[in-house]
């Protein structure tokens, strides 16, 4: 087995872990759980891009990995911002959005299951 | 003359920020020659933009502190990953999640943010709440040695940050005397 | 020497895989949201760290190495911040288990 096959096998493996992670999206139960899969997508996705950059000898894919890492972070922050809405003012006082909009979504699905 | 001193201070920060960003630009473009001119424009405008945003106070790393912190952090975070992997694969993960309140001794600013982030990457701990007086930490075990570990991390991080230009108004220790809510 | 580096690099890349898997398994198996966050942030960051180290050894060029390190640091800080934010949300959501007070 040469290097390329091994690295490609690693790429497939990472894809597989992402697919497994999707089960958590299906099961939930809370929005935060589902968001965690997005975070998993972020790190594993970066890993996949880096490996592909190595295999195909395309350094551009590394830049994509970088952008991907940033977008994953932005996605999580957006999630928290929307779901915590107006209550998160201590953390995000600087950001400005229409407060009415965030409030309605917040109550919709985050409290689907409460644990003691 | 206050105004003059202020300007000089601003210029120095701008210069340092520009240098930091220039390194990032060179890394990203692989120092390609035709990227240098746009890089100059981008770096300077990004530096100006970053200084216009709060917080106004500026901090720098201490090289020696970084040298001591880095191996400590790398080893501990490797341990954290191994620990959580072992739990994930074991038949009985034996989790005893607890919430711990940690009162700040670090002075306000980036040091606290850095501490909160580092805690999340060390074995068994995750920061889940943050305010002026305390940090809330979720731990996988109810381990008695936790507090000691956290205090050790605190000293390491205190060594890492040096507050610039302002004499330390709030030294570690004074913050912990804040009354509980 | 180059040979040792080459095999070490491959070894590190392969060694990273179990950590990525552990992140996913932890996400699926751990009992509640907060413990799941532990799994995702820590295991995946170590996995990516090993992967990046392996790739740095393989490339062995300062430019590629610097970029890879930059990516890792970015993912590390983004992962920690994201973990904290999701954790704060989940914690608010879970109600308040009795916090054990510890004094400075």
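All of the numbers you see were taken from the coordinates with simple rules; none came from a lab. Note that the structure is a prediction, hence the values are computed from the model and not measured. As a convention, Cβ positions derive from the backbone with ideal geometry for all residues, glycine included, and neighbour counts pool all protein chains shown.
Using bins 10 angstrom wide from zero, how does P(r) for segment C:2-92 break down, in % of all Cα pairs?
Taking every Cα pair in segment C:2-92, the percentages come to 18, 39, 27, 13, 3, 0.
Roughly speaking, what is the stretch gain from residue C:5 to residue C:69, that is 0.36 nm per residue apart minus the C-alpha to C-alpha distance, in nm to one decimal?
Here the answer is 21.2 nm.
Across the residues of A:59-70, average count of Cβ atoms on other protein chains within 10 Å?
4
Would you mind giving the mean number of other chain beta-carbons within 10 Å of the Cβ of each residue in B:98-111, as a whole number?
2
Sort A:31-39, B:18-26, B:142-150 by packing, meaning the average of other beta carbons within 10 Å per residue, with the highest value first.
A:31-39, B:18-26, B:142-150
Subtracting the Cα-Cα distance from 0.36 nm times the residue separation, let me have the gained length for residue B:133 to residue B:92 in nm, one decimal.
Separation in residues times 0.36 nm, less the Cα-Cα distance, equals 11.1 nm.
Between rounded, prolate and oblate, where does segment B:60-177 land on the alpha carbon gyration tensor, with a ≥ b ≥ c its root eigenvalues, rounded for a/c under 1.5, else prolate if a/b exceeds b/c?
Because a/c hits 1.5 or more and a/b fails to exceed b/c, segment B:60-177 counts as oblate.
For peptide A:18-26, how many partner chain Cβ atoms fall within 10 Å of a residue's Cβ, on average?
If you average over the peptide's residues, the count of other-chain Cβ atoms is 3.
Using a 7 Å offset from the Cα along the Cα-to-Cβ direction at both residue B:14 and residue A:20, what is the distance between the two label points in nm, to one decimal?
5.3
Rounded to two decimals, what is the ratio between the C-alpha radius of gyration of segment B:2-53 and 2.2 N^0.38 Å?
Taking the Cα Rg and dividing by 2.2 N^0.38 Å, one obtains 1.28.
Report the FRET efficiency, 1/(1 + (r/R0)^6), for residue A:4 and residue C:29, where r is their Cβ-Cβ distance and R0 is 35 Å, rounded to 0.05.
0.60
Could you give the distance between the Cα centres of segment B:101-117 and segment B:144-161, to the whole Å?
For segment B:101-117 versus segment B:144-161, the Cα centre distance is 10 Å.
How high is the relative contact order of chain C, in percent, counting Cα pairs under 8 Å that sit 6 or more residues apart?
Relative contact order comes out at 30 percent.
Considering segment B:1-137, what Rg and Dmax in Å follow from its alpha-carbon atoms?
Rg, Dmax (Cα atoms, Å): 20.6, 70.
Between residue B:32 and residue A:57, what FRET efficiency follows from the Cβ-Cβ distance if R0 is 22 Å, with the result rounded to 0.05?
0.80
Based on the mean of other beta carbon atoms within 10 Å per residue, what is the order of B:102-113, B:84-95, most packed first?
For the peptides B:102-113, B:84-95, the packing ranking is B:102-113, B:84-95.
Cα centroid distance between segment C:6-55 and segment A:50-69, in Å?
Cα centroid of segment C:6-55 versus Cα centroid of segment A:50-69: 19 Å apart.
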